[in-house]
Each structure stands twice: as C-alpha cells, then as structure tokens.
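Inspection log for the structure reproduced underneath, given as structure tokens.
The values are calculated or read from the model by the stated rules, or taken from the named source; none is laboratory data. The structure presented is a predicted model; accordingly, all values stated were derived computationally and were not measured. Methodologically, a virtual Cβ is constructed for each residue, glycine included, from the backbone with ideal geometry; neighbour enumeration extends over all protein chains shown.
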C-alpha cells in the first residue's frame, strides 16, 4: 500500500512503515483487542511496562508499536515514537482509532491513511 505524504507542521514525523507492517501482521493473525473507541486511556501500557519492554526487547522492537516516527529524535529515546496502536501483545482497536484522530488533527496524512487502513482491517475482522 502506498501512503501519500502532505505538508505537515513537523516534517520529521512520518509513517513508521515497520510498525504499520507489524500491526497489519498482528491483525491478520487475529492478535487484536476489539475494544471500544474510548478504552485506550485504560488499556495503554503504563510507563513501567514501557520501560520493561525496552529493557527486554530494545528500542527497535519498542518502536514497532508506534505508527509514527520522529526522525529528529535520538533512536534510543521513547520520544522518537508517536501514535501507539497496541499494548506490546495485541493491536487495540481503541488505540488505532485514537491514533487516527490525533494524526488527522496534526495533518500527518500518511500516518492517517495507515491508521484508517488498520482500523478498516480490524472492523472487517469483526464482521467475520
């Protein structure tokens, strides 16, 4: 799938293609939490969980759980990764929807298209 990039407020933030591919694979494998739109504040990983995941897997694997990447930030910082879509185990529908809304507000068109596609994939799985 090709995602269109548009002028944004912060051109250093772009679609993290490895994360998009990882999310797509998880959805196809049915590793999805089919939660409701406003559940992400309760379902997102705590800071301790994030830190533990980084210790066990490293920043590269940590980054695969975020649809956006800020190339102006150091590779070994959490601030490099934007717009989470899951809890390090499953894709959360509520996180994908949250990301979709936030990226639209900031006009990150490529990330918005990717989030919308993931959202559609999840909803299609719900109908099966």
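If residue 103 satisfies every condition in (1) within 30 Å of residue 127 (Cα to Cα); (2) outside any loop (DSSP other than H, G, I, E, B); (3) under 13 Å from the mean Cα position of the chain (by Cα); (4) in contact (Cβ under 8 Å) with a residue 40 or more places away in the chain but one, which is the exception? Every condition holds for residue 103 apart from (4).
Restricting region 19-44 to residues that are touching a residue at least 40 places away in the same chain (Cβ under 8 Å), within 13 Å of the chain's Cα centre (by Cα) and farther than 11 Å from residue 122 by Cα, the residue that is surrounded by the fewest Cβ atoms within 10 Å (Cβ to Cβ) is 44. Assess whether residue 72 counts as being assigned to a loop (DSSP other than H, G, I, E, B) and closer than 21 Å to residue 111 by Cα. It is true that residue 72 is assigned to a loop (DSSP other than H, G, I, E, B) and closer than 21 Å to residue 111 by Cα. Checked against (1) part of a helix (DSSP H, G or I); (2) at pLDDT 95 or above; (3) more than 19 Å from residue 116 (Cα to Cα), residue 42 passes all but a single condition, namely (2).
For the structure I just gave you, tell me whether residue 82 is assigned to a helix (DSSP H, G or I) and either on the phi < 0 side of the Ramachandran plot or at pLDDT below 95 (or both). Criteria not met by residue 82. Only one residue in 110, 49, 123 is part of a helix (DSSP H, G or I) and closer than 13 Å to residue 13 by Cβ, so which one is that? Going through 110, 49, 123 in turn, the sole match is 110.
Each row is one residue, and each column tells you yes or no for (1) within 10 Å of the chain's Cα centre (by Cα); (2) under 15 Å from residue 19 (Cα atoms).
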| residue | (1), (2) |
| --- | --- |
| 58 | no, yes |
| 61 | no, yes |
| 65 | yes, yes |
| 73 | no, no |
| 79 | no, no |
| 89 | no, yes |
| 111 | yes, yes |
| 114 | yes, yes |
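Taken over region 62-90, the residue count meeting the criterion of being farther than 22 Å from residue 30 by Cβ and either surrounded by fewer than 17 Cβ atoms within 10 Å (Cβ to Cβ) or in contact (Cβ under 8 Å) with a residue 40 or more places away in the chain (or both) is 15.
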